[in-house]
Amino acid sequence: MPTLPGGSATDSGPFGSQDLDVFFQDGSTVQRANLTKFKAHFDMPEVIEPFSVGGEVQQVMGKPQIRFASNAVPDLAPNEVLKIAGGTYRVRSVDKESDGLVSVARLAKVT
């Protein structure tokens, strides 16, 4: 197996030894309350809600989330407010992927 720049042939996980800064450079700019910024992929995957509030049973809803390099924002925590793509969101939860290199923050739109 060939060695990729900046890594070894034994790297594992979905991102292998890719440079995560390069992977996220085309992502959305996320601004934290302290005005620091980082890059992340912003997505709104559809999730089937078994019993949504004010909706129908098994309603499909978009759930906003961002995926980012874990080491870029190691202290991101629930209830933090972020500005992404012209909207304001509150962090509901933050979880690392199994490889530990990438994290996912689930968000709630602030109205």
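The values are calculated or read from the model by the stated rules, or taken from the named source; none is laboratory data. This one's a predicted model, so the numbers in the text were calculated from it and none came from an experiment. Neighbour counts are summed over all protein chains in view; Cβ atoms, including those assigned to glycine, are modelled from backbone coordinates with ideal geometry.
Table: residues versus (1) loosely packed, with under 14 Cβ neighbours inside 10 Å; (2) modelled with pLDDT of 70 or more.
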{"site": "4", "(1), (2)": "yes, no"}
{"site": "7", "(1), (2)": "yes, no"}
{"site": "15", "(1), (2)": "no, no"}
{"site": "64", "(1), (2)": "no, yes"}
{"site": "73", "(1), (2)": "no, yes"}
{"site": "99", "(1), (2)": "yes, yes"}
{"site": "110", "(1), (2)": "yes, yes"}
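If only residues of the stretch 74-111 that are among the acidic types (Asp, Glu) and out of contact with any Gly (no Cβ under 6 Å at 6 or more places or on another chain) are counted, the one that is farthest from residue 33 (Cα to Cα) is 97. For residue 59, state whether it is at pLDDT below 90 and either in contact with a helix residue (DSSP H, G or I) (Cβ under 9 Å, 6 or more places away or on another chain) or farther than 24 Å from residue 110 by Cβ (or both). Answer is no for this residue. Listed conditions (1) more than 20 Å from residue 97 (Cα to Cα); (2) at pLDDT 55 or above are all met by residue 42, apart from (1).
Can you find a residue in the stretch 87-95 that is at pLDDT 90 or above, within 13 Å of the chain's Cα centre (by Cα), crowded, with 17+ Cβ neighbours inside 10 Å and assigned to a loop (DSSP other than H, G, I, E, B)? No, the stretch 87-95 has no match at all.
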